[in-house]
Amino acid sequence: MRSLLLAALLLPAARETVIHVSPSGDDTGDGSAGRPFATLARARDAARTAARPVTVRLRGGVHPLKETLVLGPADSDATWAAAPGESPVVSGGRMLSGWKQAGELWTLDLPEVKAGRWTFRQLFVDGWRRPRARTPDEGYFRIVKAGPDDRTSFSFKPGDLKAWSRLSDVEIVFLHDWSISRVAVGAVDEAAGVVSLKDPIGSSAKHYSISNFEKQPRYFAENALELLDRPGEWYLDRAEGRLHYKPLPGEEPGKVEAVAAVLERLVEVKGEPGKPVRGVAFSGIAFRHSEWPLPPLGYAEGQASQYDVRAGGVKVQGRVPVPPALRLEYAVDCRFERCRFGQFGGSGLWLARGCHRNRVTGCEFVDVAANGVMVGEGRADPDLVPQGNEITNSLIRGCGAVFHGAVGIWGGITDGLVVSRNEICELPYTGVSLGWVWNPTPGPCRNNRVEGNHIHHVMQILSDGGGIYTLGRQPGTTLRGNLIHDVPLNAGRAESNGIFMDEGTTDLVVEGNVIHSVAKAPIRFHKAGRNELRRNTLVTPAGKDPFVFNACKREAMVFEENQAPDPSSWKALSPKDLPAGRQE
């Protein structure tokens, strides 16, 4: 045995195969440093037959994708990494140039749009998402009264809506308590003050009707040329094939970098049952610019960017998540390290069915239209449940930019998910959502840990969520050592909280968390079962209970050594005070 070990130590280390790819390369090259490939697809094909270990090294600059980069089992054990000292960007967008000045606006003719071969909903200028033209520019209108069916029409205040010239392009964005709807306008009767919608507002359940939560709920209108009145807004006239943009002060037509999104999916890592993709790593790469077209019959969200799939006659076919720019399925021991994700028209990254022991660490998810990171699915099939995945030491900020019911990190039915040492902030709805069953029925969701995270400035638009939101029975699951603060007063009917343990939440341990600057109760329970809460510091206005119980009893819980200090005498903690916070 000793001789075998000595022989192994004396063997030369396996030589790494390096394949180079550069925006200025050529796919007829050989992938060497001197003759790099031009496209990621060509580099992938070369890597498939290369000796392991293999690294695909991306030079700096923009690497445009004409189609999704698909990696399968044959692409296992490969690393995709930035070249040392360089910052590559993998883009699913198209650079726009040739602007013309038209008074206060810029215009750009796009023949593919006029021909019906291309349309887009996402525009980025100099690295920033630009909003489509809307009214009001800030805040929201209030519905005066819902129409007869409480779904497809409502009355509005004089002047709020008008019969604009391209009315079929206009969308109504309606805010429910914890979700939104986006539906097309059918007709506007200005004299009567009534708007009719092409498709119903709200998901299929009765409580998503227009007037269920509030009698005069919030909404705004988007996407008409007449609304293009604020610098930074834009409108795409699909009939004319013309893009209109109102520039910000100081912007010049030939000097801005404008990108319109094209691809829906940038990267697909897809294995099979019994034949997963193994050991693929991405390091130091920025993933940018994805598109997601609104469903033909409108967007009716249930929760956390899960929306109804409607067919003819608005018959619901099921509920699915807004798709991500990057998706993994049956992937094992894959990694994303120091990558940046953003400027997406859908969700960010999804570790879906059959994903085990994958790690996301030191990454940034900034400016994502829907959910930032998703792990698991909504089905409790044990064969599909992801296990042992980790999201650590990352920044999740500004998600839900278009679909405001989105969350920073969504964990559905998942086993052993670790969400640790992340900063999660500036979100319209919940920070971390964990679980996807609305009752305490035993299932495969278990052993998850949310710990040492700094969660703040969440629930900025919607209501009835929190810094952390949980559902269902999750034995072995802990929420530990998180710092949660700046959760404002709910705009809708239901309150928002630091931690909201919703329907069926059972068998969780909640300990050592610090929650402050929350307008309502730091922790709320709704139809929850037995959970243990220990040594939490819950800063609450004097005389207020730090816990609220809806349709469940205090006696069902276990409380040990929780503190509720008076905010006037309490010194707020910083992330550095956490036992294990995100490292810069």
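The values are calculated or read from the model by the stated rules, or taken from the named source; none is laboratory data. Because the structure is a prediction, the values reported are computed rather than measured. Cβ placement follows ideal geometry from the backbone for every residue including glycine, while neighbour counts extend to all protein chains displayed.
Summary table below
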quantity: Conditions (1) surrounded by 24 or more Cβ atoms within 10 Å (Cβ to Cβ); (2) more than 30 Å from ILE172 (Cα to Cα): number failed by PHE403; calculated: (2)
quantity: Members of the range 385-401 found to be among the aliphatic types (A, V, I, L, M), in contact (Cβ under 8 Å) with a residue 60 or more places away in the chain and farther than 11 Å from LEU351 by Cα, listed by number; calculated: LEU395, ALA401
quantity: Output for the range 545-558, where each listed residue is surrounded by 14 or more Cβ atoms within 10 Å (Cβ to Cβ) and over 20 Å from GLY465 (Cβ atoms); calculated: MET557
quantity: Boolean, LEU508 is out of contact with any Cys (no Cβ under 9 Å at 6 or more places or on another chain) and either of a type outside the set (Gly, Ala, Ser) or within 26 Å of GLY416 (Cα to Cα) (or both); calculated: yes
quantity: One residue from SER196, SER209 being within 28 Å of ARG151 (Cα to Cα), in contact with a Lys or Arg (Cβ under 9 Å, 6 or more places away or on another chain) and of a type in the set (Ser, Thr, Tyr); calculated: SER209
quantity: Any hit, the range 290-309, residues being outside the structural domain of VAL62 (by TED's automatic domain parsing), within 30 Å of ARG48 (Cβ to Cβ), crowded, with 24+ Cβ neighbours inside 10 Å and in contact with a His (Cβ under 9 Å, 6 or more places away or on another chain); calculated: no
quantity: Some residue of the range 423-435 being buried (at least 22 other Cβ atoms within 10 Å of the Cβ), out of contact with any helix residue (DSSP H, G or I) (no Cβ under 8 Å at 6 or more places or on another chain) and within 22 Å of PRO88 (Cα to Cα); calculated: no
quantity: Strands (runs of 3 or more DSSP E) contained entirely in the range 416-493, each with at least 1 residues that are in the same structural domain as PHE220 (by TED's automatic domain parsing), closer than 19 Å to MET374 by Cβ and without any contact (Cβ under 8 Å) to a residue 24 or more places away in the chain; calculated: none
quantity: From THR119, THR79, THR135, residue being modelled with pLDDT of 95 or more, surrounded by 18 or more Cβ atoms within 10 Å (Cβ to Cβ) and touching a Pro at 6+ places or on another chain (Cβ under 8 Å); calculated: THR79
quantity: The lone exception for LYS527 - which of (1) at negative phi; (2) in contact (Cβ under 8 Å) with a residue 24 or more places away in the chain; (3) charged (D, E, K, R) it fails; calculated: (1)
quantity: Of all residues making up the range 310-323, the number that are surrounded by fewer than 23 Cβ atoms within 10 Å (Cβ to Cβ) and part of a loop (DSSP other than H, G, I, E, B); calculated: 3
quantity: Filtered residues of the range 22-52 (kept if among the basic types (Lys, Arg), without any contact (Cβ under 8 Å) to a residue 24 or more places away in the chain and either in a loop (DSSP other than H, G, I, E, B) or within 18 Å of ARG94 (Cα to Cα) (or both)); calculated: ARG35
quantity: Odd one out for SER290 among (1) in a loop (DSSP other than H, G, I, E, B); (2) free of Cβ contacts under 8 Å to residues at least 24 places away in the same chain; (3) of a type in the set (S, T, N, Q); calculated: (2)
quantity: Selected residue [closer than 24 Å to GLU222 by Cα and touching a strand residue (DSSP E or B) at 6+ places or on another chain (Cβ under 9 Å)] from SER165, SER153, SER91; calculated: SER153
quantity: Every residue from the range 226-252 that is within 18 Å of VAL173 (Cβ to Cβ) and hydrophobic (A, V, I, L, M, F, W, C); calculated: LEU227, LEU228, TRP234, LEU236
quantity: ASP150 among the acidic types (Asp, Glu), touching a residue at least 60 places away in the same chain (Cβ under 8 Å) and under 21 Å from VAL322 (Cα atoms); calculated: no
quantity: Residue check for TRP118: touching a helix residue (DSSP H, G or I) at 6+ places or on another chain (Cβ under 7 Å), among the aromatic types (Phe, Trp, Tyr) and either in a loop (DSSP other than H, G, I, E, B) or farther than 30 Å from TRP234 by Cβ (or both); calculated: yes
quantity: Given (1) crowded, with 18+ Cβ neighbours inside 10 Å; (2) among the hydrophobic types (A, V, I, L, M, F, W, C); (3) in a loop (DSSP other than H, G, I, E, B), number of the condition VAL113 does not satisfy; calculated: (3)
quantity: Single unsatisfied condition, ALA311 versus (1) modelled with pLDDT under 95; (2) closer than 19 Å to THR79 by Cα; (3) small (Gly, Ala, Ser); calculated: (2)
quantity: Complete set of residues in the range 53-67 that are surrounded by fewer than 19 Cβ atoms within 10 Å (Cβ to Cβ) and not in a strand (DSSP E or B); calculated: PRO53, ARG59, GLY60, LYS66, GLU67
quantity: Any hit, the range 353-368, residues being acidic (Asp, Glu), in contact with a Leu (Cβ under 7 Å, 6 or more places away or on another chain) and under 18 Å from TYR307 (Cβ atoms); calculated: no
quantity: Among the residues listed as GLU240, GLU268, the single one being of a type in the set (Asp, Glu), modelled with pLDDT of 95 or more and part of a strand (DSSP E or B); calculated: GLU268
